Amino acid sequence: MKIALLGRTKSLLDVANMMHTAGHEIKIIITSKAAPEYSAKEEDFRRFASENNIPCFSGVKIASLHNEIIQSGAQIGLSVNYPSILTEDTINLFRFGILNAHGGDLPRYKGNACQAWALLNGEKQIGLTIHKMVGGVVDSGAIVAKELYPISHSTRIKEVLDWMEERIPELFLESVKTINLEPIDYVSPGLEKKPSGLRCYPRRPEDARVDWQLDPLKIIRLINASSEPYSGAFCFLEKLHKMTIWRAELYDANEEFFAFAGTVIKIEGSNIIVACKGGAIRITSYDFIDLEEQQRHDLIKFGSRLS
């Protein structure tokens, strides 16, 4: 199969290597600037393209590359985290359309940061979906392949992203194998061009601020959804020092107690027990910006307030 790659992330780079090894032809690569948390950058795609004599374009609107796509002879597009919504005109350049790897359980979770939203919402599983793209519509179109990953309140975002990074190339390879040399009209019952399900919008770093008035489980989910490779959940100690929280767990105080939400009620070595609505959590990994390690520990005292 003659393939065009569209998008970013290490997963797409792994797709390129897997498809190349499997005997498929990568005919053109269209990428763009990587997000800060991505391990694969633009130069990694350029290097792969150079080593394999493949035209590579970065930071260019795809509408201006229609002639290049046609000249490449690519029969199908494979997309991972392409930053723009593609039009039907672009999709129709490919004989078999464009398959997209979506980090969400379609048709329920559409849009951005679906993994984090699923963790925040307390879902029992997170989906990874390969679907045929529909022009001008976010994450719609027939589902070609899907896998589900079980999660709990203790699941952290990196665990989910690592699973997706591993599975995306394999799912794409399996999906391409199902495509014959004649165009296919994919049909999935219940799926149509009109959007349905939950529309997820991007999360910004400031959305990860901890609200100590929430119950412990919601705070744990926020911390896990905001941890590495993202910038972390955060709060402020005594309204002065920004504290980044990387890991925490539910804490059983084994007693009934009254405490203002955000109060440090106990210190266990380097762990901090903080009161919140209806319970407490144990913070096991945290940082203060621009402070030495000893200073960090000296700041936290029994009765300190986090906000």
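Read the figures in this text as sums done on the coordinates, not as results from a lab. Everything numeric here is computed off the predicted structure, so don't read it as measured data. We place every Cβ from the backbone using ideal geometry, glycine too, and count neighbours over all the protein chains shown.
Quick notes on this one:
- Across Lys2/Lys132; Lys41/Lys177; Lys110/Lys177; Lys2/Lys177; Lys218/Lys266; Lys61/Lys177, pairs whose alpha-carbon gap is larger than 19 Å: Lys41/Lys177; Lys110/Lys177; Lys218/Lys266; Lys61/Lys177
- Mean residue ellipticity (222 nm) of the chain, computed from DSSP H runs ≥ 4 via -39,500 (n - 2.57), nearest 500: -7500 deg cm²/dmol
- Beta bridges assigned by DSSP with both partners in the chain are antiparallel in approximately 60 percent of cases.
- Sites Ile267 and Glu43, calculated FRET efficiency, Cβ-Cβ separation with R0 51 Å, nearest 0.05: 0.65
- Straight-distance crosslink candidates among aspartates and glutamates, where the alpha carbon sits under 15 Å from Lys146 and sequence neighbours closer than 8 are dropped: Asp105, Glu165, Glu166, Glu170, Glu174
- Segment 198-270: C-alpha gyration tensor shape, a/c 1.5 cut-off, then a/b vs b/c: prolate
- Segments 70-78, 103-111 sorted - mean Cβ within 10 Å per residue, highest first: 103-111, 70-78
- Using R0 = 22 Å, the C-beta based FRET efficiency linking Arg204 and Ser84 works out to 0.70.
- Amide proton proximity set for Val144, modelled H, under 5 Å, gap of 5+: Ile130, His131, Lys132
- Label selected from (1) 16.0; (2) 18.0; (3) 20.0, the criterion being mean projected area of the Cα convex hull in nm² as computed here: (2)
- Estimated FRET transfer efficiency (His20, Leu148; beta-carbon r; R0 41 Å; 0.05): 0.90
- Listed peptides 37-48, 218-229, 20-31, 248-259 appear in the order 218-229, 20-31, 37-48, 248-259 once ranked by packing, highest mean of other Cβ atoms within 10 Å at the front.
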